[in-house]
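Have a look at the structure below before the remarks.
The values are calculated or read from the model by the stated rules, or taken from the named source; none is laboratory data. It should be emphasised that the depicted structure is a prediction, and the values quoted were computed from it without experimental measurement. Backbone-built Cβ (ideal geometry, glycine too); neighbour counts: all protein chains shown. All accessible areas refer to the heavy atoms of the entire protein, side chains included, with ligands and DNA or RNA removed. Shrake-Rupley method; radii C 1.70, N 1.55, O 1.52, S 1.80 Å.
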Amino acid sequence: MSGRARSLDALDRAILEATQAGLPFVAAPYADVAARVGAPESEVLARLEAMLARGVIRRIGLAPNHYKLGLVCNGMSVWNVDDACVDALGQEIGALDFVTHCYRRPRRLPAWPYNLFAMVHGGTREEVLEKKARIADLLGSACRASDILFSTEILKKTGLRLARRAGAEASCSD
Amino acid sequence: MIDETDRRIVNALQDGFPLLARPFAAKAAELGLEEGDLIARVARLRETGVVTRFGPFLNAENIGGGFCLCAMAVPPEKWEAAVALVNAQREVAHNYRREHELNMWFVLAVEDRAEIEAVARRIEAETGLAVLLFPKEREYFLDMRVPA
């Protein structure tokens, strides 16, 4: 485990565990969590704030179901971008409002020449392709090749189970 | 199924839910809604599956775990068997069919990132197919926000 993982104490873990199924739909949800973990509400708020600041918690909020919002089309756009400028360009692409994830990953030559991955959602393939064209404009001549892999079937989708030791189930929805 | 107010709520709460004693009241005020109305709407969105999760999102890497995107080129005659074998692995969190020669893309989620290689090798042994690993080298942004 990382140093940050070890830095989670029993109360932090209890709070994460108590909130992993979601916050309760009540006017004072953190008071409800506090009652469940046996700590004052102010302490629960302070712990959550600290875990956000340390990056243990990425954010607090909701995750929508893309399909139910009409975003039924999901394309993984992949790009072979000059290593010298991939980081600067990746930042710009990651900041586009229609890109939900943007990563640099290793190439697997010769089969896979792409080092930049940007996930794009839309209501139709045309819409996703239009968005891909905007990414292409941004990359310009730094991009040597690209492709887009539309998903045609979700074969499995579960909550990401990990950190049994933390007694928590991390959720990442994508 | 969802109205304009629901869409505004989905957008506003993707951006963050405040750490305050009365967080719904604070968000409701921003949205021009009553606290009780906001709570009822978010609860209904969760119930109907428009919202898949509501609460803190953990950063797996910061609690010791790890993720790795993987891909396989599965020939048509092996497809059904490969789906069953890959999906049966506890560590496989998401698995998508995609249009490409590399037609199966899945995410391994492990408690200790050192396990990734071993899980991939196990899948190779079981399926008889090569697993390409695409670990994240750099994340430019990670935010699940989508405009509702």
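Here are a few things to note about the model shown:
- Nearest 10 degrees, 0 to 90: helix A:125-139 Cα axis against chain A principal axis: 80 degrees
- Shielded residues, the stretch A:137-157 - accessible-area loss of 40 Å² or more between chain alone and all protein chains, probe 1.4 Å: A:149, A:152, A:153, A:155, A:156
- Convex hull volume per residue in cubic angstrom - Cα atoms of the stretch B:15-73: 140 Å³
- With protein chains left intact and a 1.4 Å probe, residues in chain A average 42 Å² of accessible area per residue.
- Cβ neighbours within 10 Å from other chains - mean over B:43-49: 3
- Built from the Cα atoms of the stretch B:49-139, the convex hull projects on average onto 7.3 nm², one quarter of its surface area.
- With 50 Å² as the minimum drop in accessible area between chain alone and full protein complex (1.4 Å probe), the qualifying residues in the stretch A:59-78 are A:59, A:60, A:61, A:62, A:63, A:64, A:68, A:69.
- Shape summary of the stretch A:1-95, radius of gyration then Dmax from alpha carbon positions: 18.8, 54 Å.
- Number of partner chain Cβ atoms within 10 Å, mean per residue of A:43-53: 2
- Taking the accessible area of the stretch A:30-144, probe 1.4 Å, and keeping the other protein chains in place, the carbon and sulfur fraction comes to 53%.
- If only the Cβ of Lys and Arg carry +1 and only the Cβ of Asp and Glu carry -1, the dipole of the protein assembly as shown around its Cα centre is close to 500 debye.
- Under-5 Å amide H pairs with residue B:131, H placed in peptide plane, nonlocal only: none
- Given charges at beta-carbon only (K, R positive; D, E negative), |dipole| of chain A in Debye: 640 debye
- In the calculated pair-distance distribution of the protein assembly as shown, the portion above 33 angstrom amounts to 29 percent of the Cα-Cα pairs.
- B/A buried area, accessible surface, summed, 1.4 Å probe, Å²: 7900 Å²
- Computed from Cα atoms, the angle from the helix B:4-14 axis to the main principal axis of chain B rounds to 60 degrees.
- Per-pair calculated FRET efficiency, R0 = 22 Å: residue B:15 and residue A:92 via Cβ, rounded to 0.05: 0.60
- Taking only the C-alpha atoms of chain A, the Rg (one decimal) and the largest Cα-Cα distance, Dmax (whole number), read 20.0, 58 Å.
- Amide proton proximity set for residue B:136, modelled H, under 5 Å, gap of 5+: B:69
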